[in-house]
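One structure is given below, encoded as structure tokens.
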Amino acid sequence: MASKEKEESPASAAATEREEKARLALCAAGPHGEMELASVTIEDYSLELRDGDGFAGDNASRTAFRHMLDAWRTVYADMAGKDPLGDKPTREISKQRLDEMLQKDGTAARTIEAASEDYAQQFAHVVLRFLQHKTWKGVERVIVGGGFHQSEVGERAIARASDLVAEELKRKKKDPIELRLLHHHADEGGLIGWVHLAPPALLQSYDAILAVDIGGTNVRCGIVQTHLHSAPDMSKAEVLRREKWGHADDSPRRDELVDGIAGILEDLVEYARKKELSLAPFVGVACPGLVCEDGSLAGGTQNLPGNWESIRFHLPRDLCERLPTINGGRIQVCLHNDAVVQGLSELPFTQDVERWAVLTVGTGLGNASYTNRAPQKRSRR
């Protein structure tokens, strides 16, 4: 007896597959890596300035500071007969623990101070090198982001670097610049910056967006509430909920990292649903590297696991395939550079200057420079 169930024809199956591919392509279509925004132009990012046999930025990363601290631990260990910081490898000593040791007078504090001075010298050198680049011409303020400065050790090093930069610019009779720390917490700046990149129509229609910040050590995912109607400049944007995954400790493969991000986002979508939060069908993803208009990556992803520049890998599309729907519709995924996004979180607070830039201290050193379209000059605080 013939079955009454009608099997899908090969032509129908192919049509369904084409429709699904078209939907995925649309959801991952971007815009990616935009450089011209309504109120600011992104002049450049991910500059790799040569310095001897390497790149200038490599000497001012969190990794570089650890190497400097390792070197000074060896010096003081040779003099005192024991390591002043104990038995733990430098990479396993937390920022909080370094701050505690810095507060105590002794060999450990002197070791950290010596490494901090070395780092400040290198950071100042890097800032001065970037100021010589054409895309940094006229920069009046440099915002320092990343997690390193969110410790007393990091804050002191940046303050010392600021003094060194000021001294050198004065010696060369050049205009002074200001080094300022990021307003937001390092775990949130790379999420909040997406309120300046998300489609304006979406922001008008919804209360919040999803954002992701992928680093070489950690991934941060969060729900960002815009507060657009009470602060049109987005100065009140805040992270309502965020999750942080120290993926470097788990050593995931590339696709496993993408799976993990999708899982965190799915939990955040469920959280928003339970809280009856009006969540836009949009995810902004910030990651290291050069972001092409089609959403592919071209260089600068060496701190991420696997090959992120492969022609067979497309992060926005691959995330779209894994993400849940919001109100029955697929989520649109947009990609941009992590330093650019973190810098844009500072946009409401840089309206008194025309040219500004950001350096983000992480596993590597991210960078971006900007020009405000209509700066409102006022006295600096």
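Here 175, 249 are screened, and the one residue that is farther than 18 Å from residue 341 by Cα and either of a type in the set (S, T, N, Q) or not assigned by TED's automatic domain parsing to the domain that holds residue 157 (or both) is 249. Assess whether residue 351 counts as being in contact with a strand residue (DSSP E or B) (Cβ under 8 Å, 6 or more places away or on another chain), surrounded by 20 or more Cβ atoms within 10 Å (Cβ to Cβ) and among the polar types (S, T, N, Q). Taking the combined requirement at face value, the residue does not satisfy it. In region 183-224, which residues are of a type in the set (S, T, N, Q) and farther than 16 Å from residue 243 by Cβ? Passing the criteria: 204, 205. When the test is whether a residue is touching a residue at least 24 places away in the same chain (Cβ under 8 Å), in contact with a helix residue (DSSP H, G or I) (Cβ under 8 Å, 6 or more places away or on another chain) and part of a loop (DSSP other than H, G, I, E, B), residue 147 passes it. Selection of region 224-242 for residues being among the aliphatic types (A, V, I, L, M), in a strand (DSSP E or B) and closer than 9 Å to residue 192 by Cα yields 224, 239. In region 269-291, of all residues being surrounded by 14 or more Cβ atoms within 10 Å (Cβ to Cβ) and either among the small types (Gly, Ala, Ser) or out of contact with any strand residue (DSSP E or B) (no Cβ under 9 Å at 6 or more places or on another chain) (or both), the one that is farthest from residue 199 (Cα to Cα) corresponds to 289. Only one of (1) at pLDDT 95 or above; (2) in contact with a strand residue (DSSP E or B) (Cβ under 6 Å, 6 or more places away or on another chain); (3) farther than 30 Å from residue 92 by Cβ fails for residue 219. Which number is that? Of everything listed in (1) at pLDDT 95 or above; (2) in contact with a strand residue (DSSP E or B) (Cβ under 6 Å, 6 or more places away or on another chain); (3) farther than 30 Å from residue 92 by Cβ, residue 219 misses just condition (3). Checking each residue in region 353-369 for being within 18 Å of residue 175 (Cα to Cα) and either of a type in the set (Ser, Thr, Tyr) or modelled with pLDDT under 95 (or both) picks out only 369. Contact map, region 66-92: residues that are under 16 Å from residue 104 (Cβ atoms) paired with residues that are aromatic (Phe, Trp, Tyr), Cβ distance under 8 Å, separation 6+ or inter-chain. Pairs shown: 83/76; 84/76. Here residue 326 fulfils each of the conditions (1) among the aliphatic types (A, V, I, L, M); (2) modelled with pLDDT of 95 or more; (3) over 26 Å from residue 42 (Cα atoms) apart from (2). When region 238-260 is filtered for residues that are in contact with a strand residue (DSSP E or B) (Cβ under 6 Å, 6 or more places away or on another chain) and of a type in the set (A, V, I, L, M), the ones remaining, listed by number, are 239, 240.
State which residue is surrounded by the most Cβ atoms within 10 Å (Cβ to Cβ) when the search covers only region 199-223 and only residues that are among the β-branched types (Val, Ile, Thr), within 16 Å of the chain's Cα centre (by Cα) and in a strand (DSSP E or B). Ranking the candidates gives 212 first. Remark: pairs (first residue in region 298-322, in contact (Cβ under 8 Å) with a residue 24 or more places away in the chain; second residue among the β-branched types (Val, Ile, Thr) and not in a loop (DSSP other than H, G, I, E, B); Cβ separation under 6 Å; 6+ apart in sequence or on different chains) = 316/333; 318/258; 319/333; 320/333.
When region 37-96 is filtered for residues that are within 21 Å of residue 360 (Cβ to Cβ) and of a type in the set (Phe, Trp, Tyr), the ones remaining, listed by number, are 45, 55, 65.
Could you tell me which residue of region 224-269 is nearest to the chain's Cα centre (by Cα), considering only residues that are of a type outside the set (S, T, N, Q) and at positive phi? Ranking the qualifying residues of region 224-269, first place goes to 234.
Against the list (1) of a type in the set (Gly, Ala, Ser); (2) modelled with pLDDT of 95 or more; (3) within 24 Å of the chain's Cα centre (by Cα), the condition residue 151 fails is (2). With a requirement of 1 or more residues that are among the small types (Gly, Ala, Ser) and under 26 Å from residue 205 (Cα atoms), the helices (runs of 4 or more DSSP H) lying completely within region 244-323 that satisfy it span 254-274. When the criteria are applied in full, residue 44 fails the requirement of being modelled with pLDDT under 90, within 28 Å of the chain's Cα centre (by Cα), surrounded by 14 or more Cβ atoms within 10 Å (Cβ to Cβ) and charged (D, E, K, R).
In this entry, residue 60 passes the filter for residues that are hydrophobic (A, V, I, L, M, F, W, C), closer than 30 Å to residue 355 by Cβ, at pLDDT below 95 and assigned by TED's automatic domain parsing to the domain that holds residue 137.
The values are calculated or read from the model by the stated rules, or taken from the named source; none is laboratory data. Predicted model, so just to flag it, every value in this text is computed and none were measured. Please note: Cβ atoms are built from the backbone with ideal geometry, for glycine as well, and neighbour counts cover all protein chains shown.
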